[in-house]
1. Of all residues being part of a loop (DSSP other than H, G, I, E, B) and among the polar types (S, T, N, Q) in segment 129-162, which is farthest from Pro196 (Cα to Cα)? Just the residue, please.
2. Scan segment 176-199 and report the pairs whose first residue is at pLDDT 95 or above and whose second residue is surrounded by 19 or more Cβ atoms within 10 Å (Cβ to Cβ) and polar (S, T, N, Q), with Cβ atoms within less than 7 Å and a gap of 6+ or a chain change.
3. Filter segment 82-96 down to residues that are in contact (Cβ under 8 Å) with a residue 40 or more places away in the chain and farther than 23 Å from Tyr20 by Cα, then give me how many there are.
4. Counting only residues that are among the hydroxyl-bearing types (Ser, Thr, Tyr) and surrounded by 10 or more Cβ atoms within 10 Å (Cβ to Cβ), which one in segment 101-116 is farthest from Lys128 (Cα to Cα)?
5. Would it be correct to say that Lys146 is basic (Lys, Arg) and surrounded by 15 or more Cβ atoms within 10 Å (Cβ to Cβ)?
Amino acid sequence: MENKSAKEKTVLLINSHLTYPGMSEGKLNASFYNVAKAFFISNNYKVLETKIQEGYSIEEEVEKHLQADIIILQTPVNWENTPWIYKKYVDEVFTSALKSQKFLSGDGRSSEDPTKQYGTGGKMKGKKFMISATWNAPKESFNDPKQNLWKGKTADDALFNIAANYLFIGFDVVSGYYCYDIFHNKHIKEDLENYPGHLKKVFAL
């Protein structure tokens, strides 16, 4: 009898880089994006791609989210958040999927059952989301209560508002991967080389 192969796994890679000529050209984020792409191809994943700055169809993005087992957002951190085009993308894609109830059916609360919590109405359970980000902030500015800005928070904590969108629709969120202090970082090559190891660990591949 012919063996049937397991269902093909799918990853969606989203690049939210927004070009600022002469200041931020996007080469570093493209490098991390391409490392992730090569990693998942080598692990026999189907790779879906979205480069927000190049344009997108809202309904196609909804369908990509439905197809994907894993979603990775590759983003620079601009003013302690993603570029504004990513917020626009989320507003458009998630609102469309709310109207169609493809991602979720309400916010999880129920007048019949007051024990049901806000943020538990997602239909996307079993999927995983991860952030890979490039920071001007040095690594030392995190996990240290003496630091003025983050006051002991982790980089994952600092970007939790991004992950919360995916938690809200049922995804599991795994630990992010971060390249710090990018204008002075002497370890970018090592960060790129170590990225596949992080992906292998958090996604148990």
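1. Among residues in segment 129-162 that are part of a loop (DSSP other than H, G, I, E, B) and among the polar types (S, T, N, Q), the one farthest from Pro196 (Cα to Cα) is Asn148.
2. Between residues of segment 176-199 that are at pLDDT 95 or above and residues that are surrounded by 19 or more Cβ atoms within 10 Å (Cβ to Cβ) and polar (S, T, N, Q), the close pairs are Gly176/Ser132; Tyr177/Ser132; Cys179/Thr134.
3. 1
4. Checking each candidate, the answer is Ser110.
5. Spelling it out, it is not the case that Lys146 is basic (Lys, Arg) and surrounded by 15 or more Cβ atoms within 10 Å (Cβ to Cβ).
The values are calculated or read from the model by the stated rules, or taken from the named source; none is laboratory data. Since this is a predicted model, take the numbers as computed values, not measurements. Ideal geometry is used to build each Cβ from the backbone, glycine not excepted, and the neighbour counts take in all protein chains shown.
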